[in-house]
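The values are calculated or read from the model by the stated rules, or taken from the named source; none is laboratory data. Only a predicted model underlies this, so the values are computations on that prediction, with no experimental measurement involved. Cβ: placed from backbone, ideal geometry, glycine included. Neighbour counts: every protein chain shown.
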Amino acid sequence: GTLKAAPDGTNPPATQIGPKERPEPSDELNNVVALFMGDITTLGVGAAVNAANKRLRGGGGVDGAFHRAAGPELLKECEKHSGCPTGDVVMTLSFDMPCSKIIHTVGPVYHSYPKDEAERLLASCYTKSLQLAAKTGLRSIAFPALSTGIFGYPNRDGAAVALSATRQFLTGEGKGTMDKVIFTVFLDKGKDEKAYKELIPLFFPPV
Ligand code: AR6
């Protein structure tokens, strides 16, 4: 949670790691947030969030895993949509997957935006996914580490954005809407696991 001053001492750091002030500890909130190491497509949650691309036509990474797990019907349903802008969300059926719905969201390609814009777009993916799940009456949601794979968002910064947006939602407009918000880190990525294990207690401090 320490902030490094910019080398010239003027600019604020582009990405704040950890909240500005220690948030109010809450058992109720802490019980909502969970970390899962493994394949997101196996989870029987209300909404499983896919890290898609703007065309919504499948791809590699976790997107490939969603399409393999859901089956070919998913691509057919995605083809009904003209696409999805960066920072936005589209909901589809889940077909052969155990979750109730899939929320496809498109994270920013990290190097295509100024840092603060990339951060705003990534936060929007988390916030809009939570809003859409809540609006649909789904009380649990699982996220992959959006944008941190092929799209190149730094793992630790990405985790901070995810946790910050989630805390803001759960303590504000989304109060009481979610039983579980699960952050999944994939087996081959020790980096995300480390980032979430360090940052969860900063954004959701133990009581
Ligand atoms: N379960 C959970 N997490 C996973 C899984 C899985 N089965 N598979 C990978 N991850 P990425 P992005 C993690 O690259 O950076 C696609 O081509 C992975 O380790 O899937 O948002 C799309 O079509 C990483 O931590 O998504 C887009 O074009 C995280 O999921 C583009 O990639 C996200 O990595 C999106 O890139």
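Quick look at the numbers
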read-out	value
Of all residues making up segment 36-51, the number that are among the β-branched types (Val, Ile, Thr) and over 9 Å from residue 141 (Cα atoms)	3
Breaking point among (1) over 30 Å from residue 205 (Cβ atoms); (2) buried (at least 16 other Cβ atoms within 10 Å of the Cβ); (3) in contact (Cβ under 8 Å) with a residue 40 or more places away in the chain, for residue 63	(3)
Complete set of residues in segment 69-88 that are out of contact with any helix residue (DSSP H, G or I) (no Cβ under 8 Å at 6 or more places or on another chain) and of a type in the set (D, E, K, R)	73, 76, 77, 79, 80
Conditions (1) farther than 18 Å from residue 55 by Cα; (2) within 15 Å of the ligand (Cβ to nearest atom); (3) hydroxyl-bearing (Ser, Thr, Tyr); (4) touching a strand residue (DSSP E or B) at 6+ places or on another chain (Cβ under 6 Å); number of the one not met by residue 126	(4)
Residue list for segment 182-192, restricted to those being modelled with pLDDT of 95 or more and under 18 Å from residue 18 (Cβ atoms)	183
Conditions (1) at pLDDT below 95; (2) more than 21 Å from residue 194 (Cα to Cα); (3) not polar (S, T, N, Q); number of the one not met by residue 20	(2)
Criterion (near the ligand (Cβ under 9 Å from one of its atoms), in contact with a strand residue (DSSP E or B) (Cβ under 6 Å, 6 or more places away or on another chain) and not in a helix (DSSP H, G or I)) met by exactly one of 146, 138	146
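Table: residues versus (1) out of contact with any helix residue (DSSP H, G or I) (no Cβ under 7 Å at 6 or more places or on another chain); (2) touching a residue at least 24 places away in the same chain (Cβ under 8 Å).
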position: 124; (1), (2): yes, yes
position: 128; (1), (2): yes, yes
position: 142; (1), (2): no, yes
position: 145; (1), (2): no, yes
position: 152; (1), (2): no, yes
position: 164; (1), (2): no, yes
position: 175; (1), (2): yes, no
position: 185; (1), (2): no, yes
position: 190; (1), (2): yes, no
